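The values are calculated or read from the model by the stated rules, or taken from the named source; none is laboratory data. It should be emphasised that the depicted structure is a prediction, and the values quoted were computed from it without experimental measurement. Cβ sites come from the backbone with ideal geometry, for glycine too, and all protein chains shown count toward neighbours. With ligands, DNA and RNA removed, areas are computed over all heavy atoms of the protein, side chains included. Shrake-Rupley method; radii C 1.70, N 1.55, O 1.52, S 1.80 Å.
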Amino acid sequence: MNEDENKSKVVFVDLEEYQQMGKVRKDPDPVPRNTQKTAHVSEEKKENVKKEEKKPGKTDAPAGTAKPDLESPPSFESIIEEKKKISETRKAPETGKGSEVKKEPSASEKTPEKKSTAETKKPAEKPKTASASPAKKASGTYTAESGRSTKKWFYSIAGATLVFGLIVYFIWDYREKEIKENAFESVKTALDSENYDVIDSAENLIEDYPDDGRGYEYLATAYYGKGEYEKALEVLDDGREQAEDSDYWEYSDLYSRAEIRKQYYDTMKQADEYAENGMTEEAKEGYLAAIQVEEELDDAYYALTDLYISQGEYDTAIEWLDSVETNGEFTITERSELREQCLQGRRNVIMNNLETLMKNKDYSGLQKWFSDADNRAELEIGSYEDLYYQNGSVTEEIDSGTGLILSDTELYLGEISNNQKNGTGVRFEHWNSSYSVTDSSWSNDEANGKFTYSYTNTEDKTANEVYSGTVKDNLFNGDITCRQYCNDGNIRTFYMHAENGTFDCIRVLDEGYVYGESNDNWYVYYYSEDGLKGHGV
């Protein structure tokens, strides 16, 4: 091979690749003799590149950037080997059994497409990367500018999505809260109006919102209102375990009240059992204990009052009721009603005793009862108020039948119609030291027809007398007979006649106006003519 042929074997290498290979691989051996001319050519080429770099031109590199120093150029053989490696890494297509090194274009062929050294040179510390040609950019190769555009687009979409999501979330959250509050408010409104038939609705609140203590409170309140205190306590216990806001005072107050009510009714149940088994004293103590637990409820007051009445202890019951305070459900009105029941029982007993005295014609016993003012005060009726008694009970009205009428100074036993004496009956009338008994037919509350009227003076027997005959509207009317005690100690019958209560004058004597005579010439008289008038029962 002559020198010209050896020159033709020169391989043209891109200056940038050459420089990079020189930096990466520094051959320590001296350049062979047969490559001196090649190296010389490279040195000339290197000088030309330096001249081109000194020429002003457009560059993207910052002003004042220092260019890296090139190291000693590699040998020809190393260049060939390096090109082979580059060719393999680029995966060049196979041309046969072996691969050939692709011939690099000459410097004149690369010049039109190659950018300036300042534009393509990379920092020394970074690995070599080939400059992207316009054709590669057109094919969608990633660049910094396209990356920034892609990121901007991504952030815009992500931001819009986030804003939309937040709007949807807040709308959904507001709607959910509104539905929740409406559900709670509906149950609360019903409970405030004392409508406790909302147990199912309250249970749904607990199922849907187990962390909200209001659901447990409302369900417990519904059970409480229906008197199911044990269930109310169970619900509140569950609320304390499950709910997050079960410690506020309404919750604790409801629990305390439910406990008190449960204890109250447990005590009442035990007292009722004592009463049913005839254990009267134990029952009384039980009802009083229940009142101590909960004095605002009225059940124990009624139960104890009924127990006193059943035992006939009316005075004890009235005295007890007069001593207790009224609270809560046990109002003044209820206490008055209970007291009236006791008083009614006591009146029944008194009227029953008076009826017995009338039937037995124990008029002296009646006189004794009327003479004691405390007996009448015990009935607690007004001075001019009538009291009606029929079939063993004091009543406000007697439509018809036999009964007892007690007034301020008299007592009637007989037939009654519309609270008046109608039919046959006996009337007892009381004065301070005397009394009268009228047995007659009655109509419109007055004696009409045949009658018997007896007057008894407990201090002077001579004043005692008995009239009989007919009357009209309580006045003597017709033939009348009168039996009286006389001064000689005998009882005589006198005969007389009256018209509408006025006796006929038989004759006038020095003693007065005679109106009646006996069969043995005894007579009765009045000192004046006016004395003959106004007589009756």
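If you go through the range 451-485 and keep only what is of a type outside the set (Ser, Thr, Tyr) and open to solvent by less than 40 Å² (accessible area, probe 1.4 Å), you end up with Phe451, Asn457, Ala463, Asn464, Gly469, Val471, Asn474, Phe476, Gly478, Ile480, Cys482, Gln484. With the requirement that a residue be of a type in the set (A, V, I, L, M), part of a helix (DSSP H, G or I) and open to solvent by less than 60 Å² (accessible area, probe 1.4 Å), what does the range 161-215 give you? Matches in the range 161-215: Ala183, Val187, Ala190, Leu191, Ile199, Ala202, Leu205, Ile206.
The residue that is modelled with the highest pLDDT, counting only those in the range 237-257 that are in contact with a helix residue (DSSP H, G or I) (Cβ under 6 Å, 6 or more places away or on another chain) and in a loop (DSSP other than H, G, I, E, B), is Ala243. Just to be sure, is Thr424 closer than 21 Å to Asp315 by Cα, β-branched (Val, Ile, Thr) and without any contact (Cβ under 8 Å) to a residue 24 or more places away in the chain? Answer is no for this residue. Inspect all residues belonging to the range 258-268 and state whether any of them is closer than 30 Å to Asn348 by Cα, open to solvent by less than 80 Å² (accessible area, probe 1.4 Å), touching a residue at least 24 places away in the same chain (Cβ under 8 Å) and in contact with a helix residue (DSSP H, G or I) (Cβ under 9 Å, 6 or more places away or on another chain). Looking through the range 258-268, at least one residue is closer than 30 Å to Asn348 by Cα, open to solvent by less than 80 Å² (accessible area, probe 1.4 Å), touching a residue at least 24 places away in the same chain (Cβ under 8 Å) and in contact with a helix residue (DSSP H, G or I) (Cβ under 9 Å, 6 or more places away or on another chain).
Is it the case, given these coordinates, that Gly278 is in contact with an Asp or Glu (Cβ under 8 Å, 6 or more places away or on another chain), open to solvent by 20 Å² or more (accessible area, probe 1.4 Å) and small (Gly, Ala, Ser)?
The answer is no for Gly278.
Could you give me the residue pairs with C-beta distances under 7 Å whose first residue belongs to the range 470-498 and is within 16 Å of Thr438 (Cβ to Cβ) and in contact (Cβ under 8 Å) with a residue 24 or more places away in the chain, whose second residue is open to solvent by less than 20 Å² (accessible area, probe 1.4 Å) and outside any strand (DSSP E or B) wherever it lies, and which are 6+ apart or on separate chains? Every condition considered, the pairs that remain are Leu475/Gly501; Phe476/Gly501. Of the strands (runs of 3 or more DSSP E) lying entirely inside the range 465-524, those containing at least 2 residues that are among the polar types (S, T, N, Q) and under 22 Å from Glu446 (Cα atoms) span 465-472, 475-485. Which residues, taken from the range 256-303, are more than 24 Å from Thr333 (Cβ to Cβ) and among the polar types (S, T, N, Q)? Across the range 256-303, the qualifying residues are Ser256, Gln263, Thr267, Gln270, Asn277, Thr280. Condition (residue is more than 28 Å from Tyr229 (Cβ to Cβ) and not aromatic (Phe, Trp, Tyr)) applied to the range 321-328: is it met by at least one residue? Looking through the range 321-328, at least one residue is more than 28 Å from Tyr229 (Cβ to Cβ) and not aromatic (Phe, Trp, Tyr). Looking only at residues in the range 327-362 that are of a type in the set (Asp, Glu) and more than 21 Å from Ser407 (Cα to Cα), the one that is modelled with the lowest pLDDT is Glu329. A residue that is surrounded by fewer than 19 Cβ atoms within 10 Å (Cβ to Cβ) and more than 49 Å from the chain's Cα centre (by Cα) occurs somewhere in the range 339-353. Scanning the range 507-519 for residues that are closer than 17 Å to Thr481 by Cα and either free of Cβ contacts under 8 Å to residues at least 12 places away in the same chain or open to solvent by less than 80 Å² (accessible area, probe 1.4 Å) (or both) yields Val514, Tyr515, Gly516, Glu517, Ser518. Go over the candidates Thr493, Thr438, Thr470 one by one and state the one that is of a type outside the set (Phe, Trp, Tyr) and closer than 26 Å to Gly365 by Cα. Of Thr493, Thr438, Thr470, the one residue that is of a type outside the set (Phe, Trp, Tyr) and closer than 26 Å to Gly365 by Cα is Thr438. Taken over the range 364-411, the criterion of being modelled with pLDDT of 90 or more, over 25 Å from Ser454 (Cα atoms) and open to solvent by 70 Å² or more (accessible area, probe 1.4 Å) is satisfied by Asn391, Glu397, Asp399, Ser400.
Filtered by the rule that a residue be at positive phi and not in a strand (DSSP E or B), the range 382-439 gives Asn391, Gly392, Asn418, Asn419. Go through the range 309-362 residue by residue and tally those that are among the polar types (S, T, N, Q) and part of a loop (DSSP other than H, G, I, E, B). Within the range 309-362, residues that are among the polar types (S, T, N, Q) and part of a loop (DSSP other than H, G, I, E, B) number 4.
Residues in the range 284-301 that are among the hydroxyl-bearing types (Ser, Thr, Tyr) and in contact with a strand residue (DSSP E or B) (Cβ under 9 Å, 6 or more places away or on another chain): Tyr301 only.
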